[in-house]
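K.L.:
Structure incoming, see below.
The values are calculated or read from the model by the stated rules, or taken from the named source; none is laboratory data. On a predicted model such as this, the values are computed, not experimentally measured, just so you know. Every residue, glycine as well, gets a Cβ built from its backbone with ideal geometry; the counts of neighbours run over all protein chains shown.
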Amino acid sequence: MPANLTPQYYEAEEKYKKAQTPEDRIKALEEMLAVIPKHKGTEKLQGDIKKRLARVKEEGKKKKSTKGYDPFGVEKQGAGQIVLAGYPNSGKSSLVTSLTRAKLKVAEYPFTTAIPATGMMPYKDTWVQLVDTPPLSVDNVPSGLIGTFKEADALLIIIDISTAECLEQMEGLMKILQEREVIDLSEEGEIIAPTPFLVIANKADHAEAQENLEVLKELMPDFSYLEVSINGMGMEELKEKLYELLGVIRIYGKAADRPADMERPFVLKKGGTVLDFAGQVHKDFPKNLKSALVWGSSKFDGQAVARDYVLEDGDIVELQL
Ligand SMILES: Nc1nc2c(ncn2[C@@H]2O[C@H](COP(=O)(O)OP(=O)(O)OP(=O)(O)O)[C@@H](O)[C@H]2O)c(=O)[nH]1
Ligand SMILES: [Mg+2]
């Protein structure tokens with residue numbers, strides 16, 4: 001059957017062909033549908049236009065959701081998230097690369113990293129998430145980065161002691177982090193705010209590193225600086241300190257009449273109780289929990305403890321539901 005399409009239809013079709021944006025395409029397709037003569041001969045064409053319309057609308061939705069993607073909102077994984085903060089070229093990406101299996105771009109020129117990237121650092125039988133970040137300085141704080149710092153469980157502040165600018169870096173970073181209320185220091189220089197941090201004196205292998213560090217220590221004596229280099233210096237201590245910074249404990253679950261699962265510990269904040277542990281194992285467990293048996297921190301193995309018993313790192317727990 002002939003379609004007998006009208007000039008209005010051809011006009012609308014012409015608009016569709018010329019449309020540059022999904023919105024224009026949708027408008028033109030809707031017009032084509034509105035003006036197409038409605039009879040048996042155009043049924044197939046009407047169906048095609050409807051399908052095309054649905055596809056363009058779907059594509060538009062997908063585009064919108066990728067537009068809403070925020071590279072500075074980093075999903076947490078593992079025992080805790082530690083976000084790096086440092087001036088351009090201070091060695092942030094090199095450090096994350098050497099502590100994890102992440103393959104990040106490292107270069108001798110500054111501003112190599114543009115958006116946060118993650119790597120998982122194995123430690124004891126857990127994983128610590130490290131977040132490499134684009135550089136910042138007093139003149140340039142990438143928008144979104146302060147949000148990444150505030151969401152972190154802890155911060156790793158990188159100072160490049162291969163350069164005499166290390167003092168400027170330390171002063172600059174402390175100023176930015178305090179002004180934006182990421183960290184807070186008492187008059188004595190103690191941390192009194194929610195985000196714990198560790199400062200490292202990076203590139204400690206460099207010929208001028210010691211001289212620069214002496215000056216830094218003299219002029220900013222309220223901090224301790226852990227000397228680190230990708231050649232291995234300070235790396236083991238750094239791993240330990242990063243883990244400690246998270247303030248977590250590992251708890252091993254045990255089912256009745258079965259050995260404990262010593263491969264995959266649950267991770268709790270220090271001070272966590274049997275009840276907190278139950279909540280991690282299953283969201284419904286806390287309300288049914290009566291007591292628990294504990295091996296490790298208790299006076300004797302398999303001791304029955306109450307729901308509010310405070311657990312310690314390495315405890316094995318059998319929940320009594
Ligand atoms: N001597 C020495 N050089 C290092 C060390 N760590 C990194 N570097 C060098 O420093 C340069 C910068 O390293 P990156 O890891 O890209 O630094 P970044 O802080 O990620 O740089 P941006 O992403 O630009 O902020 C590279 O040439 C590295 O090889 C170190 O421990 N010692
Ligand atoms: Mg980098």
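K.L.:
Let me confirm something: among V83, V56, which residue is more than 10 Å from ligand 1 (Cβ to nearest atom), assigned to a helix (DSSP H, G or I), of a type in the set (V, I, T) and surrounded by 12 or more Cβ atoms within 10 Å (Cβ to Cβ)?
P.N.:
The match here is V56.
K.L.:
Does the range 103-114 contain at least one residue that is of a type in the set (S, T, N, Q), in the same structural domain as V182 (by TED's automatic domain parsing) and crowded, with 19+ Cβ neighbours inside 10 Å?
P.N.:
Among the residues of the range 103-114, at least one is of a type in the set (S, T, N, Q), in the same structural domain as V182 (by TED's automatic domain parsing) and crowded, with 19+ Cβ neighbours inside 10 Å, which makes the answer yes.
K.L.:
So, in the range 265-294, exactly how many residues are touching a residue at least 40 places away in the same chain (Cβ under 8 Å) and among the hydrophobic types (A, V, I, L, M, F, W, C)?
P.N.:
Adding up the residues that qualify gives 5.
K.L.:
Now a separate question. Can you say whether D132 is under 23 Å from the mean Cα position of the chain (by Cα), in contact (Cβ under 8 Å) with a residue 40 or more places away in the chain, over 15 Å from G91 (Cα atoms) and crowded, with 19+ Cβ neighbours inside 10 Å, as far as the supplied structure shows?
P.N.:
For D132, the condition - under 23 Å from the mean Cα position of the chain (by Cα), in contact (Cβ under 8 Å) with a residue 40 or more places away in the chain, over 15 Å from G91 (Cα atoms) and crowded, with 19+ Cβ neighbours inside 10 Å - is not met.
K.L.:
Still on this structure, please answer the following. Could you list all residues from the range 200-226 that are of a type in the set (F, W, Y) and modelled with pLDDT of 95 or more?
P.N.:
Within the range 200-226, just Y225 meets the criteria.
K.L.:
Among the residues of the range 94-110, is there at least one that is under 30 Å from E263 (Cβ atoms), part of a strand (DSSP E or B) and near ligand 2 (Cβ under 10 Å from one of its atoms)?
P.N.:
No; the residues of the range 94-110 include none that is under 30 Å from E263 (Cβ atoms), part of a strand (DSSP E or B) and near ligand 2 (Cβ under 10 Å from one of its atoms).
K.L.:
Right, here's the next one. Filtering the range 111-140 down to residues that are touching a Lys or Arg at 6+ places or on another chain (Cβ under 8 Å) and not in a strand (DSSP E or B), which residue is farthest from ligand 1 (Cβ to nearest atom)?
P.N.:
That would be D125.
K.L.:
Among the residues of the range 206-238, write down those that are assigned to a loop (DSSP other than H, G, I, E, B) and either within 16 Å of ligand 2 (Cβ to nearest atom) or in contact with a Gly (Cβ under 6 Å, 6 or more places away or on another chain) (or both).
P.N.:
D222, V228, I230 - these are the residues of the range 206-238 that are assigned to a loop (DSSP other than H, G, I, E, B) and either within 16 Å of ligand 2 (Cβ to nearest atom) or in contact with a Gly (Cβ under 6 Å, 6 or more places away or on another chain) (or both).
K.L.:
Please pick out the residue among G314, G279, G272 that is on the phi > 0 side of the Ramachandran plot and surrounded by 12 or more Cβ atoms within 10 Å (Cβ to Cβ).
P.N.:
G314
K.L.:
Name the residue, out of T163, T148, that is of a type in the set (S, T, N, Q), out of contact with any Gly (no Cβ under 6 Å at 6 or more places or on another chain) and within 12 Å of ligand 1 (Cβ to nearest atom).
P.N.:
Only one candidate qualifies: T163.
K.L.:
Could you list, in sequence order, all residues of the range 239-281 that are assigned to a strand (DSSP E or B) and over 22 Å from A152 (Cα atoms)?
P.N.:
I251, Y252, G253, T273
K.L.:
Looking at the structure I just gave you, is V138 among the β-branched types (V, I, T), more than 16 Å from ligand 2 (Cβ to nearest atom), assigned by TED's automatic domain parsing to the domain that holds L238 and under 13 Å from the mean Cα position of the chain (by Cα)?
P.N.:
When the stated conditions are applied, V138 does not pass them.
K.L.:
Is it true that K38 is without any contact (Cβ under 8 Å) to a residue 12 or more places away in the chain and more than 23 Å from K62 (Cβ to Cβ)?
P.N.:
So K38 passes the test.
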